[in-house]
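Asks: Take this structure first; my questions come after.
The values are calculated or read from the model by the stated rules, or taken from the named source; none is laboratory data. Note that the structure is predicted; figures quoted are calculated from it, not measured. Cβ atoms come from the backbone with ideal geometry, glycine included; neighbour counts cover every protein chain shown. Side chains included, ligands, DNA and RNA excluded: accessible areas come from the protein's heavy atoms. Shrake-Rupley method; radii C 1.70, N 1.55, O 1.52, S 1.80 Å.
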Amino acid sequence: MIEFESVSKTYPDGTVAVEEFSLVVPSHRSVVLVGSSGSGKSTLLQMVNRMVEPTGGRVAIDGEDVAGRDAVGLRRSIGYVLQHGGLLPHRTVLDNIATVPVLNGTRRRRARTEAAGLLERVGLDPSLGRRYPSQLSGGQQQRVGVARALASDPNILLMDEPFGAVDPIVRRELQDELARLQADLGKTIIFVTHDVDEALRLGDEVVVLRRHGVIAQRGTPAEILASPADDFVRDFVGADREERRLTVRKVDGRDVAVDGTGRPVGVLHP
Amino acid sequence: MTWLALSWEYVLELTRDHLLLSVPAVLLSVLIAVPIGRLANRRRVLGGLVTGAATLMYAIPALPLLIIIPAVFGFPLRSSATVVTALTVYGVALLVRTAADAFGSVDAEVRDAALAVGHSPRSVFWHVDLPLAIPVLLSGTRVVAVSTVSLVTIGALIGVPGLGSLLTDGFQRGITEEVAVGVVATIVVALVLDGLLLAAGRALTPWARTPRRSAKTAGGAR
């Protein structure tokens with residue numbers, strides 16, 4: 001369980017990133033923070049592994065304030081996936097995945113063997129293990145980033161716009177892969193994105209943020225779509241977009257779902 | 001080629017002396033310039049002052065330097081320690097700015113990512129900053145090596161033997177061939193050291209010479 005207790009972050013120059021943000025992320029659930037730039041979503045994420053220290057309030061993991069924990073040890077206990085993969089360009093794929101186990105004292109040989117297993121787990125060919133990150137595609141690099149985050153089998157995964165820099169088709173593949181992994185692993189995930197569709201697809205719970213980390217609405221994806229709290233959320237999730245306004249039309253005795261432009265998107269099954 | 005035929009053993013001996021003066025000076029320059037460069041990279045104001053001062057050292061004329069160093073460090077005037085120290089001063093002067101740039105060339109995003117996944121700051125230096133700075137550091141070191149090998153010849157002016165001895169001796173005794181041999185041997189030594197550094201650099205940075213990905217051959221994601 002991760003708790004944000006009225007955390008704030010004001011930078012020395014007076015810039016406010018986050019103001020009085022409170023949230024409980026239950027264990028084994030994935031919570032998506034979604035908002036545009038300036039919403040403080042990445043800042044909130046980085047407070048969990050102490051890459052950013054709050055200027056007010058506290059962040060606690062299983063009841064223990066992270067400020068009291070050794071930052072290096074804390075970070076090694078949390079899986080972290082970054083937008084551009086954040087892989088070390090001078091290490092092979094296997095060594096990148098094995099980073100945290102090796103830092104924790106696992107023998108390199110064993111860590112590499114386990115890394116090869118993880119490579120398959122995230123849907124990559126083990127032969128890629130000896131390559132350097134620059135030899136992989138963007139989507140492959142992101143998969144390696146996910147494998148690295150899983151290498152020490154952490155309870156918590158922090159994902160900072162992990163699929164933001166890849167093309168839409170690959171992004172969709174990566175999202176499906178993550179959903180499949182999460183169904184297996186049941187990690188506690190905080191996922192940050194500016195993409196509403198991604199949030200609705202991946203979150204058990206979605207938190208829509210305004211500027212400075214003010215919560216506009218939180219709920220399950222269905223709740224957010226069914227009843228947007230206000231115009232901001234309605235606008236942000238695109239509740240009025242044609243592809244979200246589905247109606248049902250009878251065709252040959254079947255119920256066909258049709259979007260706002262009249263284009264059929266699927267068939268309802270009773 | 002009569003002079004060389006008679007004196008090749010002497011030339012080999014001087015080449016060895018030359019290497020014993022220049023290699024330690026290059027190593028010391030790297031060992032001193034890299035930490036200063038790192039500091040300069042982390043602290044802009046201090047760094048600007050230090051690199052500026054270091055670069056000025058290169059403007060000190062060689063002969064006075066060879067006389068100041070024994071006075072400051074207490075070495076005998078005609079000792080290899082004096083020559084190595086003088087060459088190290090020049091080497092550091094040449095290398096400090098490049099060393100600062102080398103650390104500046106490391107992608108801040110990569111450093112942050114390394115910290116975020118659990119490298120300690122010390123481990124980031126050894127495992128991220130230093131290896132990624134190698135290509136730029138190495139190009140600076142190659143300049144220092146070549147420059148040092150050619151500067152070692154001034155040691156002959158204060159009577160410390162090296163290939164420079166062939167130049168001074170050849171001039172005094174009017175043996176053109178001896179001077180020519182001294183010049184050529186110095187260039188050969190510089191080229192060999194440069195080649196060795198280039199090879200070492202390639203061995204140390206295997207990631208830098210891998211072919212870039214081509215979308216068609218990389219495959220693997222299902």
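Asks: Does at least one position in segment A:68-77 carry a residue that is more than 21 Å from the chain's Cα centre (by Cα), buried (at least 21 other Cβ atoms within 10 Å of the Cβ) and either farther than 22 Å from B:W126 by Cβ or in the same structural domain as A:V7 (by TED's automatic domain parsing) (or both)?
Replies: No: segment A:68-77 contains no residue that is more than 21 Å from the chain's Cα centre (by Cα), buried (at least 21 other Cβ atoms within 10 Å of the Cβ) and either farther than 22 Å from B:W126 by Cβ or in the same structural domain as A:V7 (by TED's automatic domain parsing) (or both).
Asks: Given the criteria within 16 Å of the chain's Cα centre (by Cα) and in the same structural domain as A:R201 (by TED's automatic domain parsing), does A:P26 qualify?
Replies: yes
Asks: Next up: Pull up segment A:74-93, narrow it to residues that are outside any loop (DSSP other than H, G, I, E, B) and facing chain B (nearest Cβ under 8 Å), then point me to the one that is farthest from B:G118 (Cα to Cα).
Replies: A:Y80
Residue-wise test of (1) touching a strand residue (DSSP E or B) at 6+ places or on another chain (Cβ under 8 Å); (2) more than 10 Å from chain B (Cβ to nearest Cβ); (3) open to solvent by 60 Å² or more (accessible area, probe 1.4 Å).
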| residue | (1), (2), (3) |
| --- | --- |
| A:F21 | yes, yes, no |
| A:S37 | no, yes, yes |
| A:K41 | yes, yes, no |
| A:P54 | yes, yes, no |
| A:V100 | no, no, no |
| A:L103 | no, no, no |
| A:R110 | no, yes, yes |
| A:A115 | no, yes, no |
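Asks: Further, regarding this structure: In this structure, is B:D107 within 14 Å of chain A (Cβ to nearest Cβ) and free of Cβ contacts under 8 Å to residues at least 60 places away in the same chain?
Replies: So B:D107 fits the description; yes.
Asks: Look at B:R209 and say whether it is farther than 17 Å from B:P24 by Cα and at pLDDT below 90.
Replies: In short, yes.
Asks: Exactly one of these conditions fails for A:N96: (1) within 19 Å of A:V207 (Cβ to Cβ); (2) in a helix (DSSP H, G or I); (3) of a type outside the set (D, E, K, R); (4) at pLDDT 95 or above. Give me its number.
Replies: Looking at each condition in turn, A:N96 falls short on (1).
Asks: A further question on this structure: Here is a list: B:A99, B:A113. Which entry is of a type outside the set (K, R), within 14 Å of another protein chain (Cβ to nearest Cβ) and part of a helix (DSSP H, G or I)?
Replies: None of the other options fit; the residue is B:A113.
Asks: Oh, and also: The conditions are (1) assigned to a helix (DSSP H, G or I); (2) open to solvent by less than 10 Å² (accessible area, probe 1.4 Å), and B:A71 fails exactly one of them. Which is it?
Replies: (2)
Asks: Quick check on segment A:128-142: of everything there that is polar (S, T, N, Q) and more than 7 Å from chain B (Cβ to nearest Cβ), which residue is farthest from B:L132 (Cα to Cα)?
Replies: Result: A:Q142.
Asks: Okay, moving on. Which residue, of B:G182, B:G170, is surrounded by fewer than 22 Cβ atoms within 10 Å (Cβ to Cβ), more than 14 Å from chain A (Cβ to nearest Cβ) and of a type outside the set (A, V, I, L, M)?
Replies: Residue meeting the stated conditions: B:G170.
Asks: Give me the pairs: first residue in segment B:25-53 and within 15 Å of B:A133 (Cα to Cα), second residue outside any helix (DSSP H, G or I), beta-carbon distance under 9 Å, and six or more apart or on different chains, which are they?
Replies: So the pair list comes out as B:N41/B:V106.
Asks: Taking the stated definitions as given, is A:Q142 in contact with a strand residue (DSSP E or B) (Cβ under 8 Å, 6 or more places away or on another chain), open to solvent by 50 Å² or more (accessible area, probe 1.4 Å) and not charged (D, E, K, R)?
Replies: No.
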